[in-house]
Structures are given as C-alpha cells and as structure tokens.
Amino acid sequence: MADVIGRVGDNWGVTALGDTTTERPPEGFRSGFACFIGRPNVGKSTLMNALVGTKVAITSSRPQTTRRAIRGIVHRPDAQLIVVDTPGLHKPRTLLGERLDSLVRSTLTEVDAIGFCVPADQTVGPGDRFIARELAGVKGTPIVAIVTKTDTTPPEQVAEQLLAVGRLGEFADIVPCSARDGFQVGLVGDLLISHLPEGMPLYPEGDLTDEPEQTLVAELIREAALEGVRDELPHSIAVVVDEMAPREGREDLMDVYAHLFVERPSQKAIVIGTKGARLRDVGTRARQQIEALLGTKVFLDLRIKVLKDWQRDPKQLRRLGFYD
C-alpha cells in the first residue's frame, strides 16, 4: 500500500498559484494532463476549481452534475497542470449514461496521471470498488488516491478511510484533502505534478480553461436550475445557448438566449414554478454568475421546452451536444 501523504488533523492551506512570466520555463518544468475519477458527487469538480483558483466547473449537491470532460488549467512557476474533471463513473441506466461512462474511460487512456477521489464522509462501497477494478486495468499511468471532504469528517474517521482506500488497490500516493477549506489542496497539485513529464507549457499564461464561453454559460444556467429541484429532475435537465452576442450599440451589455430542456410536461411545470417564480429565480442566479464570468452586464432570456426521453434518444443527444 502507498504511504499516506500529509497529515489528517492539520490545515496547511492552499498552495499559492504562481505566475509564469518568462518565455522559456525553468529547467525541470513539468506539464501535462491529470484527470479526476470517482463516483458521482464525491467532490471532483469542487477540487478542480480549488486547484485552478477559480470556478471553471459547476458544482451541485446533486449526483451526476458533470456531463463533460471539463479542463481546468493550473499555472505554477514550476509546472502547468491541466486537470480534466470527468463525469462520475456509474452503472448507466440511459444512453446518456452510457456515453458519459465511455467519455470517462477514454479520458483515462489520454492523461499522464489519475486522481481517484473517494469521500471521507461515506464508507467505501460497491461503486468505489468498481472504479478501483477499472483503474487496475489502466497500465502505466500513476494513480493518486484522494480522500476528499475531510472538513466534514472527524480526524479518526478520515484515518480509517485512508486505510480503507489503501486496501482498494495499488496507488502511487494516498492523500486526504478538503477543497472547501483548502486543506492539502496544494499538496494534491504537487503529487499530480510530480507524475507529469517535463516539457513546455501547453496553454498560454492566464488561460484557466479551454471551454468555449457558450458552453460555460450553458453550464452556469444548468447549475442554477439544479438548485432545489426534486430528485428525478437533475438528470432530465439540459441547457443549450442558442445565441450570445453583444447588443447592437451597447458594448456593456451581452444578450444571451438559451433553452432549458426537460423530458416531461410535469418537469417543465416544476422548473417554471408557481406563476413563473422559480424560473425567474433561476434566471436571476444564472445571470449573476454569467456576469461574473463575462465581466459585463447580461440580458438573459430563458425558455423551456419538452424533449420526450431525450436521454435515451440518439438524435436528441446529438442535438444537445452529446455525441457518440
């Protein structure tokens, strides 16, 4: 079993992200890709955001929030780490679920290091063991086991979880951390970077993600729509930005037109809410996040449409951007 890196009871804080100001990186500079894998809702997106130092992936208490391989870029004086946040690996029940699992597996073969995330506040279960077996078949790629959410768990329980995770397989390192309070987030970055090859930066200084702005805007709208909805709704909500452009004659205002898609009329009624109150609340929260992202005032027009059983329909999945 790998040695456990770091301490359980202390808070070391987040390592400051540096600036690479020279054209040529220093000797020994490392750059490459690492992905996070784990069950749904184990804190992968929150951890990636903490490493990058800003929000590049939406987060929610709802499982299976992440639906794309979102890349966040960590710039440091000694390295550039591109973190790929993947959807939670799970037993799929729809065609969408099958495609998301396929996305995760293909990502595992393309990165230089893997972060296997297991939450400290939940006992190791069948889902974790399933992923550990999947990882056992990935040859030649270092795997760092990360026990997340230590801020929600007493130190003795974290220690027990570290031992339980160590029994799941052979890992290069095992480390506890909390993305919410910064505990050992910098150390997670150090460990992942230590497994990257030496090389030039892959992205320009200052880039935090390579996701198109329209994709990020659609994700922020979906994040707002996920808050407070019933259990069956999160999987049924998709968002497409139809148009996004500065208003003519107004450089300080961006017009955003988007559609929320659900699978049944009853779900549409839930999203709209009584006299449209819930949809207005979704629009307000989404607009605030989009303005923070774009750095400008935003006019947001949201419409809702029913696409029956879109998660199981290949044609509708392609329309919504989920390709084979």
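Bear in mind that the values in this text are calculations on the coordinates, not laboratory data. All values reported here derive from a predicted model rather than from experimental measurement. So basically every Cβ, Gly included, is an ideal-geometry build from the backbone, and we count neighbours across all protein chains shown.
Some points to look at:
- Summing +1 for each Lys or Arg and -1 for each Asp or Glu among the other residues whose beta-carbon sits under 13 angstrom from that of VAL138 gives -1.
- Ordering of 133-145, 206-218 by burial proxy (mean other Cβ atoms within 10 Å per residue, highest first): 206-218, 133-145
- Net charge contributed by nearby residues that have their C-beta within less than 10 Å of THR153 (K/R +1, D/E -1): -3
- Loop sites in the stretch 232-272: GluC sites (Glu not before Pro), DSSP, at most 10 other Cβ within 10 Å: GLU248
- Residues SER194, SER178 in ascending order of nearby Cβ atoms (within 10 Å, fewest first): SER194, SER178.
- Cα-only Debye scattering, the stretch 151-198: base-10 log of I(q)/I(0) at q = 0.14, 0.25, 0.30 Å⁻¹: -0.42, -1.03, -1.13
- Of the residues MET254, MET200, the one with the fewest other Cβ atoms within 10 Å heads the list, and the complete ranking is MET200, MET254.
- If R0 is 22 Å, the Cβ-Cβ spacing of ARG303 and GLU251 corresponds to a FRET efficiency of close to 0.25.
- Fully extending the segment from THR215 to ASP151, taken as 0.36 nm per residue of separation minus the present Cα-Cα distance, adds 19.9 nm.
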